[in-house]
């Protein structure tokens, strides 16, 4: 079964610092990556998506995609305590494009 | 913004009990999904549907049934609940794009099976 590997499992960065999260798919047919964010006690909410090689920036958040290595990374600059959350990476399921497979996530803690 | 509601928000039952979790979305989305979230496993897909009367099996379907009665309503049924089904359950919906469309999640139902 398709796997989505996220690293690190957890990360602590100081307020104002840069957080870097990684995600790799084992399915060579994957061409679309999602990043969802889940604050403690809340439901997941879509943060960013990317399907083209290269970089996409939205405010303090930047996503990189390398399709050849099936690797995406999420970078958060000037991290804020409100960025503390579980970050989930997801890709279209290997059996079709009607559903997603999620990774186990990276827990980010931004210390004041 | 898309609205997805779930009920109940918390449920406690006993082993062998019968439980129904409800989900409603009011955005005319075609796809609806049921996930469970457990520490160490992330989000895992139980069942999903792409329209009223349709049901598709997800990755962890054992012990669960689901019904999509209308475009708005999707139910998850546990007919003989077991302690292994203690979990946080999320419902989600998305537009016709399936995995290429954003999924909107409900607030979740925390189920405890004693």
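Every number in this text was worked out from the coordinates using simple rules, so none of it is lab data. Just so it is clear, the structure is predicted and the values come from calculations on it, not from any experiment. We place every Cβ from the backbone using ideal geometry, glycine too, and count neighbours over all the protein chains shown.
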> Inside the stretch A:1-31, can you point out the residues that are under 17 Å from residue A:91 (Cβ atoms) and over 12 Å from the mean Cα position of the chain (by Cα)?
Replying inline: A:1, A:2, A:3, A:26, A:27, A:28, A:29, A:30, A:31
> Across the stretch B:36-50, what is the total count of residues that are outside any strand (DSSP E or B) and surrounded by 14 or more Cβ atoms within 10 Å (Cβ to Cβ)?
Replying inline: 1
> If we keep just the residues of the stretch A:41-84 that are in contact (Cβ under 8 Å) with a residue 40 or more places away in the chain and over 17 Å from residue A:13 (Cβ atoms), which is surrounded by the fewest Cβ atoms within 10 Å (Cβ to Cβ)?
Replying inline: A:69
> How many residues does the stretch A:1-26 hold that are away from chain B (no Cβ under 12 Å), at negative phi and assigned to a loop (DSSP other than H, G, I, E, B)?
Replying inline: 5
> In the stretch A:27-42, what count of residues is obtained for those that are in a loop (DSSP other than H, G, I, E, B), more than 17 Å from residue A:64 (Cβ to Cβ) and within 13 Å of chain B (Cβ to nearest Cβ)?
Replying inline: 6
> So which strands (runs of 3 or more DSSP E) stay within the stretch A:49-106 end to end and still have 2 or more residues that are away from chain B (no Cβ under 14 Å)?
Replying inline: A:54-58, A:61-66, A:71-76
>> Six or more apart or on different chains, Cβ atoms under 6 Å: show the pairs whose first residue is in the stretch A:10-21 and surrounded by fewer than 16 Cβ atoms within 10 Å (Cβ to Cβ) and whose second is in a loop (DSSP other than H, G, I, E, B).
In response: A:15/A:112; A:16/A:78; A:17/A:79; A:18/A:77
> Looking at the stretch B:12-35, which of the residues that are within 11 Å of another protein chain (Cβ to nearest Cβ) and in contact with a helix residue (DSSP H, G or I) (Cβ under 9 Å, 6 or more places away or on another chain) is surrounded by the most Cβ atoms within 10 Å (Cβ to Cβ)?
Replying inline: B:31
> Do the conditions hold for residue A:110, that is, is it away from chain B (no Cβ under 14 Å), surrounded by 20 or more Cβ atoms within 10 Å (Cβ to Cβ) and more than 12 Å from the chain's Cα centre (by Cα)?
Replying inline: yes
